[in-house]
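Peer 1: I'd like to ask some things about the structure below.
The values are calculated or read from the model by the stated rules, or taken from the named source; none is laboratory data. Given the structure is predicted, the values throughout are model-derived calculations rather than measurements. Cβ placement follows ideal geometry from the backbone for every residue including glycine, while neighbour counts extend to all protein chains displayed. All accessible areas refer to the heavy atoms of the entire protein, side chains included, with ligands and DNA or RNA removed. Shrake-Rupley method; radii C 1.70, N 1.55, O 1.52, S 1.80 Å.
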Amino acid sequence: MVKIYVDADACPVKNEVEQIATRHNIETFLVCNGGIRPSRNPLIKLVIVNQAVDAADDWIKDHILKTDICVTSDIPLAGHCIKEGAFVIKPNGDSFNSNNIGMALAIRRIMEEKRQTGEITKGLSAFTKADRSKFLDQMELIIQKAMKY
């Protein structure tokens, strides 16, 4: 049975995930450090972890299984989920997979090194309506793939 795990702190598509989960009857876990109102939807489980760095990521790592779906922008978490055989989608609709995660991890390391040397790097792009639409379209495709397994 496919499950959805959302790295929910600062995730802009929580409502869309709930709509999709309801449409497909998929148990979903919103994992965060707090500050998110619980849903009345019985399919949506709010998991509040401690304030430790990466606590939400660690909880997802401990629970995600093959063919589950993870919604995250966190590249190391995405890498772990892919190793487990899960599907990974970013809130903007882009997917991480075995073909692109290595490059994403390498670029992340390079950018981290630049920031440590004091170099100013550009931040994330603003989240747009087009990103939200792309997320919905791609999430439907991923669910169809996940349910075939």
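Peer 1: What are the ³J(HN,Hα) values, in whole Hz, obtained from phi via the Karplus relation 6.51 cos²θ - 1.76 cosθ + 1.60 with θ = phi - 60°, for each residue of region 20-29 in sequence order, with x given for Gly and Pro?
Peer 2: Computed from phi, the couplings for region 20-29 are 5, 4, 5, 4, 9, 6, 10, 5, 10, 10 Hz.
Peer 1: Which of LYS66, LYS45, LYS122 moves most in a GNM of the chain, Cα contacts under 10 Å?
Peer 2: Maximum fluctuation in the GNM of the chain, among the listed residues, is at LYS122.
Peer 1: Sticking with this one: Could you check the spin-label model distance between LEU46 and MET147? Points 7 Å from the Cα along Cα→Cβ, value in nm.
Peer 2: The two pseudo-label positions are separated by 2.8 nm.
Peer 1: Test of understanding: in a Gaussian network model of the chain with alpha carbons linked when under 10 Å, which of GLY118, GLY93, GLY35 would top the mean-square fluctuation ranking?
Peer 2: In this elastic network of the chain, the residue with the biggest mean-square fluctuation among GLY118, GLY93, GLY35 is GLY118.
Peer 1: Here's something else I'd like to know. Please state, to two decimals, what the Cα-based radius of gyration of region 61-111 comes to when divided by 2.2 N^0.38 Å (N = residues).
Peer 2: Compactness ratio reported: 1.04.
Peer 1: For volume of the Cα convex hull per residue in Å³, pick the label among (i) 134; (ii) 119; (iii) 101 that corresponds to the value derived from the coordinates.
Peer 2: (ii)
Peer 1: Then there is this: If DNA, RNA and ligands are ignored and the probe is 1.4 Å, what is the ranking of LEU136, LEU30 by accessible area, most exposed first? Walk me through the numbers on the way to the answer.
Peer 2: Values: LEU136 50, LEU30 15 Å².
Reading off the accessible areas and sorting them downward yields LEU136, LEU30.
Peer 1: Order MET147, MET103 by their accessible area, 1.4 angstrom probe, all chains in place, largest first.
Peer 2: Result of the area sort, largest leading: MET103, MET147.
Peer 1: Restricting to bridges with both residues inside the chain, how much of the DSSP beta-bridge set is antiparallel, in percent to the nearest 5? Working shown, then result.
Peer 2: Working: 2 of 17 bridges.
Among the beta bridges of the chain, antiparallel pairing accounts for roughly 10 percent.
Peer 1: Please identify, among VAL31, VAL49, VAL17, the residue showing maximal mean-square fluctuation in a Gaussian network model of the chain using a 10 angstrom Cα cutoff.
Peer 2: Comparing VAL31, VAL49, VAL17 in a Gaussian network model of the chain, the most mobile one is VAL49.
Peer 1: Using Cα pairs under 8 angstrom and six or more residues apart, how large is the relative contact order of the chain, in percent?
Peer 2: 21 percent
Peer 1: Rounded to the nearest 500, what is the 222 nm mean residue ellipticity of the chain from helices alone, with -39500 (n - 2.57) per DSSP H run of 4+ residues and division by all residues?
Peer 2: Calculated at 222 nm, the ellipticity per residue is -14000 deg cm²/dmol.
Peer 1: Let me ask something else. Any idea what angle helix 129-148 forms with the longest principal axis of the chain, computed on alpha-carbon atoms, 0 to 90 degrees, nearest 10?
Peer 2: Roughly 60 degrees, rounded to the nearest 10.
Peer 1: What percentage of the solvent-accessible surface of the chain, computed with a 1.4 Å probe over protein heavy atoms, is contributed by carbon and sulfur atoms? Kindly include the intermediate steps, with their values, before the conclusion.
Peer 2: Values: 4630 of 8930 Å².
Carbon and sulfur atoms account for 52 percent of the accessible area of the chain.
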